[in-house]
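S.K.: Just dropping this structure here.
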Protein chains: 4
Amino acid sequence: MISFLNDYSEGAHPEVLRALSEHNFISTPGYGEDPVTEEARSLLRKAADLPDAEIHFLVGGTQTNSACIASLLRPWEGVISAETGHIAQHETGAVEASGHKVLTLPAPEGKLRAEDVREVLAAHRANEIREHTVKPGMIYVSDPTELGTVYTGAELSALHGTAREFGIPLYLDGARLGAALAAKGNDMTLPEIARNVDVFTVGGTKNGMLFGEALVFSTPGFVRDFRYLEKQRGAMLAKGWLLGLQFRTLFADGLYFRLAEKAVWLAERLSAGFRKSGYELFVESPTNQVFVLLSDGEARYLRGKYAFEFWEKAGEGKSVYRFVTSFARTEEEIDALLGDAADAKTRSDAQ
Amino acid sequence: MISFLNDYSEGAHPEVLRALSEHNFISTPGYGEDPVTEEARSLLRKAADLPDAEIHFLVGGTQTNSACIASLLRPWEGVISAETGHIAQHETGAVEASGHKVLTLPAPEGKLRAEDVREVLAAHRANEIREHTVKPGMIYVSDPTELGTVYTGAELSALHGTAREFGIPLYLDGARLGAALAAKGNDMTLPEIARNVDVFTVGGTKNGMLFGEALVFSTPGFVRDFRYLEKQRGAMLAKGWLLGLQFRTLFADGLYFRLAEKAVWLAERLSAGFRKSGYELFVESPTNQVFVLLSDGEARYLRGKYAFEFWEKAGEGKSVYRFVTSFARTEEEIDALLGDAADAKTRSDAQ
Amino acid sequence: MISFLNDYSEGAHPEVLRALSEHNFISTPGYGEDPVTEEARSLLRKAADLPDAEIHFLVGGTQTNSACIASLLRPWEGVISAETGHIAQHETGAVEASGHKVLTLPAPEGKLRAEDVREVLAAHRANEIREHTVKPGMIYVSDPTELGTVYTGAELSALHGTAREFGIPLYLDGARLGAALAAKGNDMTLPEIARNVDVFTVGGTKNGMLFGEALVFSTPGFVRDFRYLEKQRGAMLAKGWLLGLQFRTLFADGLYFRLAEKAVWLAERLSAGFRKSGYELFVESPTNQVFVLLSDGEARYLRGKYAFEFWEKAGEGKSVYRFVTSFARTEEEIDALLGDAADAKTRSDAQ
Amino acid sequence: MISFLNDYSEGAHPEVLRALSEHNFISTPGYGEDPVTEEARSLLRKAADLPDAEIHFLVGGTQTNSACIASLLRPWEGVISAETGHIAQHETGAVEASGHKVLTLPAPEGKLRAEDVREVLAAHRANEIREHTVKPGMIYVSDPTELGTVYTGAELSALHGTAREFGIPLYLDGARLGAALAAKGNDMTLPEIARNVDVFTVGGTKNGMLFGEALVFSTPGFVRDFRYLEKQRGAMLAKGWLLGLQFRTLFADGLYFRLAEKAVWLAERLSAGFRKSGYELFVESPTNQVFVLLSDGEARYLRGKYAFEFWEKAGEGKSVYRFVTSFARTEEEIDALLGDAADAKTRSDAQ
């Protein structure tokens, strides 16, 4: 069974495991205050061209999103998100559990539009009884989005302009940031993304690490006392160097970027192959997620050898399915899937 | 520099790393719903003789404590703890951040006494305006305690009796449970501890794992919807099998117990050696933490080669320092420290 | 200036003030545990035909809604509401501040439909990774709705059936319950409403009291420890008898119902008059809120003598305005407004 | 039965009721944005000699305390309080329910000492792993204290100095502030108290109003967006003018101060009388609470005609009881109680 279920079905890149073994018996200060973690911070600062960024390493994405949001909002403030946003849909209300409403907006192809955000912010400001409503205090986007699409520099810059106009932070969830950077259609470098937001994450879990998200506040002093909040939420790893070590490994010589490029390249091959066999794609995702329409028979045929996720019903007896690639997949596995998909289509057409 | 700072300064037992490498490229379902994690649950159920226990694996201790407490309390309920308790002192108010007051009691040698707890519970019940005060809804102990002492079966049983009398759960934080089981003076097996509480943890971070705490609800159905809470708090690891795999490794053939026994044996050797050289111990800790009184000169002398923690000021120009052993320390390292401690004492006496 | 801004612009019915004066110097136990409050509870139980109902009196609506919801949900549970619902729009995220997501659904004319609710509940139950999403744990409706419409017995009964099918409570916010009961189109008595929900409120602030909401749990034991939560949230009035006394006054001989009937009767007269003069109504509200479309000129003309609220923009240079009646308005005031409205229309048509 | 149970057993001063009646049918903007409330703010600013103070009126004390604290703290911060403090003991954990730990200190006669507070703040600052503990972010005192004692100017000024040294606010809970100002031993005027704290309350519930607490932030801009928080917590009264009107009545010509002076004068008479009959006072309270030691027989004897509160057990078969005076008590009632107390003592001595 070959898994296209997601990009976190396997462990880490072998370089990461090797680093763990080599470092294992070196006594190291706890809680992320060790030299290895400091090196990782330096490498990330360099990669993002943010010499003064404040960087924290956390274990998982939900934890990182809700801690970041809670660190910057006051109790009566909410966060603006696409209605498809991860924080709005797939984190069991972690943001609300911190007391903050997620203020959702329709978002074509998963992307929040600056003009929509502006309208919400302006309407709140103009509202005479605004204190009867939640104050929008932050903007959340993810890049890539939940639909695998990526923001252009112009789009992100417009969002940042709106955020600045209203004096609130723009936060970019980069759980799959590597894939965004490697995507066709992406026109931003990591430093450019970093300059266009106030805080962002660089996800490791889905790109070569056992686990780990880097939370990067671009401006020093932008957040206050984050380590208190991190500890309070159980998000401060005792052996924090495990996170630093993994990030150091991936950012020492660009492995992070190469792994993401591989995943995206495999996804492009997959998209092209599906199309060639006559399959329709649900959305043009230029990253490592491929959304394809399959009939029930086609899905059943592929289910025997491949794992992939049902996404949603479509019309005409078809459904959308998601196939995710990662550094752990191979060209051979893609081609095997494409071969079987071609067979499935032939059988399906014959019926 | 040899570290006695704590038992989480190094990585994992080599067996754990080997297991990680072997399993690394096997595609595995996420979020702890995989066969490896299920095996780990079975092994723990067997070790605790609780065939129906509900078991969750989380990354860290603060996270586990606050999630467990929040899963069982209602908003107006608090948790009774020793005033030295970890949740009362060293978790940045994580319990309060969940909305619950920690109701502290004096606790000689770190141990909560059933009679004190009973008094609080009875007083609350008798209070005519009890709804103006926090309702005690849970009892928290750790074994070993913060001072390295262990509960006897009679003590734990009395606490459990009190908990049952008032219809509230007893929770045992076993972040160092291995050390408690290996301690001289401990008169309980793991199944006996398990039967004397309603929920407990088995800590891996401080005993051979990279990280990981098992949260064990003894009775099925005792908690409801825990996985929702786990996800909401960012405590559900995407690659949950990392936790299962580590616990499986440590509980497959008793490695967990052997590692703790080694740590405790080293601590005993250390205590005996300190005493032999004329040092006074601050508390009789039978586990892997040794609290010793050093003069400033003695501390300075040892600081050159060994890392250890200042605990608190004592009288007569001395302070209490904590030395922690673990599976990662060796007999040779203990003896080196003891040799230097003897020298320090001699020099100190000569002055 | 005659106010149609809302139904809480004035104080209380004179009977209420008289009762306050008479009782003023009688020493009375605090926090709602006095005989007057107990009498008020009895009167309400009788009016709702719920002999065993558990009743609490609180000061305001937002407080009552958020306390009631928090008393019945667990941290990972959310409450289903119309997207126009008061808790979703006008309480500054009070429900989210308690940690619970408001799960909104489109609601034609402000009314939640049982089939929509059922679909959400069934979808959640069927979701394989349901713990990654908020668990729907309660249904919230208000009667009348935010648009002044009322539920029929069949509609409410269908919602209650759905709630029971999925084992969650149905909560009815009756901040303007009197108006709903007095409305044309309402086909339920108070006991019938009470039997069709699990918990509801009877609002006093908008119908003859200085302030006060009764929170009625139909079944004894349905909620646990509510008084703790009430105190914790600062919702337990020291001089609780102020609430009991007001409710006793309004329910001793049906004054509550008569005041609401007057308000609704005035609103009907207002609707009919507006229509007669050629105005279009935005929604058919059978309660004490009238939503009418005015041109800018018409609105300006009326603004001189009357206070009323802008609601939202409509097409063709018109906007929706809300006029609210109450026991404190008179037939003469209505007729004066209608006279001026007729003039405004004439002037407007002449232009 | 004459009540000495507390100072909120009766309603309001007749002037307050008269004002309510007179204003009842005047249509008034809601939520505290009306001219009457603005007048009340002006009167309070004048009384406290704080021309720019930001003032909010809330219904009750628990609500006001927890909202004020939540408005100024970040999630990882706690509030320092006397261990006898109202927020620590009698508000059902309202502060913790907002996520903040109450950091308690022993407080002789109920008063927090600046040197103790300083020690806690300095220790936290010096702590190397301070982020593992709650950050002290605010100081809470009440004047009078829970034991009826009052702070001197020197004591309060020292606390304020400490607060400033560490950059955190000092909050004074003045639920019974009138009594403090009227107390023998008090050496501060209201403006002097106001200058020695950052935020304080002026309680109305216990001194002539039906209900109401004024929350005064001395410096404009000290708090941000308080009205959002107020609304979110259900602490913003729809008919907010009810609060403004009551405060306007009490501060228009000093009635607030005269009522408190009467209550304190009655309490002094009561203390003196008790002492004269041979009773021992538990604490020297110069305000409107008298704590007296009674034998069981004496208490039983008085219970027939007077209501008063058991406080705590004392030695030698005696207990402490609390008698509270207010503007609603009369000299005759005090003398009646004292007469019976003298009888009880005689009978008691005779036995």
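The values are calculated or read from the model by the stated rules, or taken from the named source; none is laboratory data. Being a predicted model, the structure only gives us computed values, none of them experimental. Virtual Cβ from ideal backbone geometry, glycine too; neighbours counted across all protein chains shown. Accessible surface is based on the protein model in full, side chains and every heavy atom, while ligands, DNA and RNA are left aside. Shrake-Rupley method; radii C 1.70, N 1.55, O 1.52, S 1.80 Å.
S.K.: Rounded to the nearest 10 Å², what accessible area does D:Y31 have for a 1.4 Å probe in the complete protein model?
M.R.: In the full protein context, D:Y31 sits at about 50 Å².
S.K.: Looking only at A:G85, A:G153, A:G208, which one moves most when chain A is put into a Gaussian network model with springs between Cα atoms under 10 Å?
M.R.: Largest GNM mean-square fluctuation: A:G153.
S.K.: Further, regarding this structure: Taking a ≥ b ≥ c as the square roots of the eigenvalues of the Cα gyration tensor of chain B, is the shape rounded (a/c under 1.5), prolate (a/b larger than b/c) or oblate? Intermediate values should be presented prior to the final figure.
M.R.: On the way: a/c = 2.05, a/b = 1.23, b/c = 1.66.
In terms of gyration-tensor shape, oblate.
S.K.: Between D:R300 and the same site in the other copies, what are the distances in nm, shortest first, taking label points 7 Å from Cα along the C-beta direction?
M.R.: Relative to the other copies, D:R300 has label-point distances of 7.0, 8.3, 8.7 nm.
S.K.: How compact and how long is the stretch B:1-160, expressed as Rg and Dmax of its alpha-carbon atoms in Å?
M.R.: 19.3, 62
S.K.: What pairs from A:K135/D:K231; C:K206/C:K262; A:K206/A:K313 go past 23 Å between their alpha carbons? Walk me through the numbers before you get to the answer.
M.R.: Values: A:K135/D:K231 12 Å; C:K206/C:K262 13 Å; A:K206/A:K313 26 Å.
Check vs 23 Å cut-off fails for A:K206/A:K313.
S.K.: Mind checking which lysines have their C-alpha under 17 Å from A:K305, skipping anything on the same chain fewer than 8 residues away?
M.R.: Within the straight-line cut-off, A:K305 pairs with A:K345.
S.K.: Could you tell me the total accessible area buried at the B-D interface, probe 1.4 Å, in square angstrom to the nearest hundred? Before the final figure, lay out each step's value.
M.R.: Values: alone 15580 and 15570 Å², together 29850 Å².
Summing both sides, the interface buries roughly 1300 Å².
S.K.: Considering only DSSP states other than H, G, I, E and B, which GluC sites (Glu not before Pro) in the stretch D:301-351 qualify as loop sites with at most 16 other Cβ atoms within 10 Å?
M.R.: Working: sites: D:E309, D:E312, D:E316, D:E331, D:E332, D:E333; in loops: D:E316.
Taking the stretch D:301-351 and a limit of 16 other Cβ atoms within 10 Å, the loop GluC sites (Glu not before Pro) found are D:E316.
S.K.: Could you check how much of the accessible area of chain B is carbon and sulfur, as a whole percent, using a 1.4 Å probe?
M.R.: On the way: 6150 of 12260 Å².
Summing carbon and sulfur atoms, their accessible area is 50 percent of the total for chain B.
S.K.: What does the charge dipole of the stretch D:125-219 about its Cα centre add up to, to the nearest 20 debye, if the Cβ of each Lys and Arg holds +1 and the Cβ of each Asp and Glu holds -1?
M.R.: Details: 8 positive and 11 negative charges, 12 e Å.
The calculated dipole for the stretch D:125-219 is roughly 60 debye.
S.K.: Using a label point 7 Å beyond Cα on the Cα-Cβ vector, give me the inter-copy distances for A:H124 in nanometres, one decimal, shortest first.
M.R.: A:H124 label point versus its equivalents elsewhere: 2.6, 2.9, 3.8 nm.
S.K.: Here is a follow-up. How large is the charge dipole for chain A, taken about the Cα centre, if only the Cβ atoms of Lys, Arg (+1) and Asp, Glu (-1) carry charge, to the nearest 20 debye? Working shown, then result.
M.R.: Working: 37 positive and 49 negative charges, 61 e Å.
Here chain A has a charge dipole of around 300 debye.
S.K.: Write down, largest first, the equivalent ellipsoid semi-axes of the stretch B:102-237 in whole Å, where each equals the square root of 5 times an eigenvalue of the alpha-carbon gyration tensor. It would help to have the intermediate numbers written out before the result.
M.R.: Values: eigenvalues 129, 86, 36 Å².
Value: 25, 21, 13 Å, ordered largest first.
S.K.: Okay, moving on. Using a Gaussian network model of chain C whose springs link C-alpha atoms within less than 10 Å, name the residue from C:A107, C:A180, C:A214 with the highest mean-square fluctuation.
M.R.: Its mean-square fluctuation being the largest, the pick is C:A107.
S.K.: Whole-Hz Karplus ³J(HN,Hα) for the stretch A:157-164, in order, using 6.51 cos²θ - 1.76 cosθ + 1.60 and θ = phi - 60°, x for Gly and Pro?
M.R.: Once rounded to whole Hz, the list reads 5, 5, 4, 5, x, 5, 4, 5.
S.K.: In chain A, what residue has the beta-carbon at the shortest distance from the axis of the rotation relating A to C, and what is that distance in angstrom, rounded to the whole number?
M.R.: Result for the A and C rotation: A:E96, 2.
S.K.: Shielding of A:20-30 by partners, i.e. mean partner chain Cβ atoms within 10 Å per residue?
M.R.: Mean shielding by partner chains, rounded to a whole number: 6.
S.K.: Give a residue-ordered list of calculated ³J(HN,Hα) values for the stretch B:77-92 (Karplus: 6.51 cos²θ - 1.76 cosθ + 1.60, θ = phi - 60°; whole Hz; x for Gly, Pro).
M.R.: These are the phi-based 3J(HN,Hα) values: 9, x, 10, 7, 8, 4, 5, 8, x, 4, 5, 7, 10, 10, 10, 6 Hz.
S.K.: Here's something else I'd like to know. Have a look at A:T325, A:T37, A:T189 and tell me which one the Gaussian network model of chain A (Cα, springs below 10 Å) gives the largest fluctuation.
M.R.: Per the Cα network of chain A with a 10 Å cutoff, A:T189 tops the list.
S.K.: Mind checking C:235-246 for the average number of partner chain beta-carbons within 10 Å of each residue's beta-carbon?
M.R.: 4
S.K.: Shape call for the protein assembly as shown from the C-alpha gyration tensor, a ≥ b ≥ c root eigenvalues: rounded (a/c under 1.5), prolate (a/b greater than b/c) or oblate?
M.R.: On the way: a/c = 1.94, a/b = 1.16, b/c = 1.67.
It comes out oblate by the Cα gyration axes.
S.K.: Quick one: net charge of C:V102's neighbours, Cβ under 11 Å, K/R +1, D/E -1? Provide the component values of the computation, followed by the final result.
M.R.: Details: positive: A:K101, C:K101; negative: A:E96, C:E83, C:E91, C:E96.
Summing Lys and Arg as +1 and Asp and Glu as -1 gives -2.
S.K.: Hey, what's chain D come to in accessible area per residue, 1.4 Å probe, Å²? Show your work: numbers first, answer last.
M.R.: Values: 12250 Å² over 351 residues.
Per-residue value: 35 Å².
S.K.: Something else: Give me the net charge of C:F25's neighbourhood, meaning all other residues with Cβ under 11 Å from the Cβ of C:F25; Lys, Arg count +1, Asp, Glu -1.
M.R.: On the way: positive: D:R329; negative: C:E22, D:E10.
My count for the surroundings of C:F25 gives -1.
S.K.: Let me make sure I get this right: for the stretch D:160-277, a, b and c are the square roots of the gyration tensor eigenvalues over alpha carbons, sorted descending. Under 1.5 in a/c it's rounded, otherwise prolate if a/b > b/c, else oblate. Which is it?
M.R.: Working: a/c = 2.41, a/b = 1.36, b/c = 1.78.
Note, shape of the stretch D:160-277 comes out oblate.
S.K.: Please give the average number of partner chain Cβ atoms lying within 10 Å of the Cβ of each residue in A:73-80, rounded to a whole number. Can you show the working numbers first?
M.R.: Values: counts 1, 8, 17, 17, 3, 3, 0, 0.
Other-chain Cβ atoms within 10 Å of each residue's Cβ, averaged: 6.
S.K.: If you don't mind, another one. Of C:G137, C:T189, C:G339, which is farthest on the positive side of the dipole of chain C, counting Cα position, with +1 on Lys and Arg Cβ, -1 on Asp and Glu Cβ, and the Cα centre as origin?
M.R.: Going by the charge dipole, the pick is C:G137.
S.K.: Any chance you could check the Cα centroid distance between the stretch D:178-231 and the stretch B:200-270 for me, in angstrom?
M.R.: After rounding, the separation between the Cα centres reads 51 Å.
S.K.: Please give me, ordered by residue number, the GluC sites (Glu not before Pro) of the stretch A:85-187 that lie in loop per DSSP and have at most 14 other Cβ atoms within 10 Å. Don't skip to the answer; put the middle values down first.
M.R.: Numbers: sites: A:E91, A:E96, A:E109, A:E115, A:E119, A:E128, A:E131, A:E146, A:E155, A:E165; in loops: A:E91, A:E128, A:E146.
When the GluC sites (Glu not before Pro) of the stretch A:85-187 are filtered for loop state and at most 14 Cβ neighbours within 10 Å, A:E128 remain.
S.K.: Mind checking the stretch A:218-271 for trypsin sites (Lys or Arg not before Pro) that DSSP puts in a loop (not H, G, I, E or B) and that have at most 13 other Cβ atoms within 10 Å?
M.R.: Working: sites: A:R224, A:R227, A:K231, A:R233, A:K239, A:R248, A:R258, A:K262, A:R269; in loops: A:R224, A:R233, A:K239.
Loop-located and lightly packed - A:R224.
S.K.: Right, here's the next one. Tell me the distances, shortest first, between B:S42 and the same position across the other copies, using label points 7 Å along Cα→Cβ, in nm to one decimal.
M.R.: The answer, with the shortest distance listed first, is 4.9, 6.5, 8.1 nm.
S.K.: Short version: which residues of the stretch D:114-148 lose at least 10 Å² of accessible area, all chains versus chain alone, 1.4 Å probe?
M.R.: Buried by 10 Å² or more upon assembly, which counts only protein chains, are D:I129, D:R130, D:E131, D:H132, D:T133, D:V134, D:K135.
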